Amino acid sequence: MSLVCSFRLRLLPVLFLAVLSAAAPMDANAQTTQATPPAAAGQSPASADPEARPYDQQIYQLAELLGSIHYLRELCGAEEGQTWRNQMRELVSAEGTTALRRARLVDSFNKGYRGYARTYRTCTKPALVAIDRFLEQGASLTDGMIQNNR
């Protein structure tokens, strides 16, 4: 394993945990200065998802990356056990405030896991490239969420 890959393996969980603390839902009593975003065209404000957050797309993408990484790292003999699944559990614990959000997060993780389980049966050079790319994307996503939620 390359030094860059090893570094990224340590960096991603640290960034991930930082996002969880930076992106935690606000206290119900806290005041906000942001205006409520207008409803999407064709939607009434009452039909908008009250649990939606501005970073949902990134959170669901991160969940999918965690699923992909979990499958591929195990396939390639990383012997990390449940490291990436545990990261996902922390994400669900922090962001899964409703049954629907939890289901969406789990579906995203499973989509990543199953997508690569169908594609790769053995560890190959492209699988190793995919791992590096996913770790880089995960680090970039979490870094962007940290910057946007300061």
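The values are calculated or read from the model by the stated rules, or taken from the named source; none is laboratory data. Quick caveat, the model's predicted, so the values are computed rather than measured. Quick reminder, even Gly has a Cβ in these numbers, built from the backbone with ideal geometry, and neighbours come from all protein chains shown.
General observations
- Here the condition is being at pLDDT below 90 and among the aliphatic types (A, V, I, L, M); of Ala63, Ala127, Ala52, Ala103, it holds for Ala52 alone.
- Taken over the stretch 50-62, residues that are closer than 15 Å to Gly144 by Cα and of a type in the set (A, V, I, L, M) amount to 2.
- Check on Gly77, surrounded by 14 or more Cβ atoms within 10 Å (Cβ to Cβ), small (Gly, Ala, Ser) and touching a residue at least 24 places away in the same chain (Cβ under 8 Å): no
- Residues that are more than 14 Å from the chain's Cα centre (by Cα) and aliphatic (A, V, I, L, M) were ranked within the stretch 94-119; the one that is surrounded by the most Cβ atoms within 10 Å (Cβ to Cβ) is Ala117.
- Taken over the stretch 57-78, the criterion of being under 17 Å from Leu128 (Cα atoms), more than 8 Å from the chain's Cα centre (by Cα) and in a helix (DSSP H, G or I) is satisfied by Gly67, Ser68, Ile69, His70, Tyr71, Leu72, Arg73, Glu74, Leu75.
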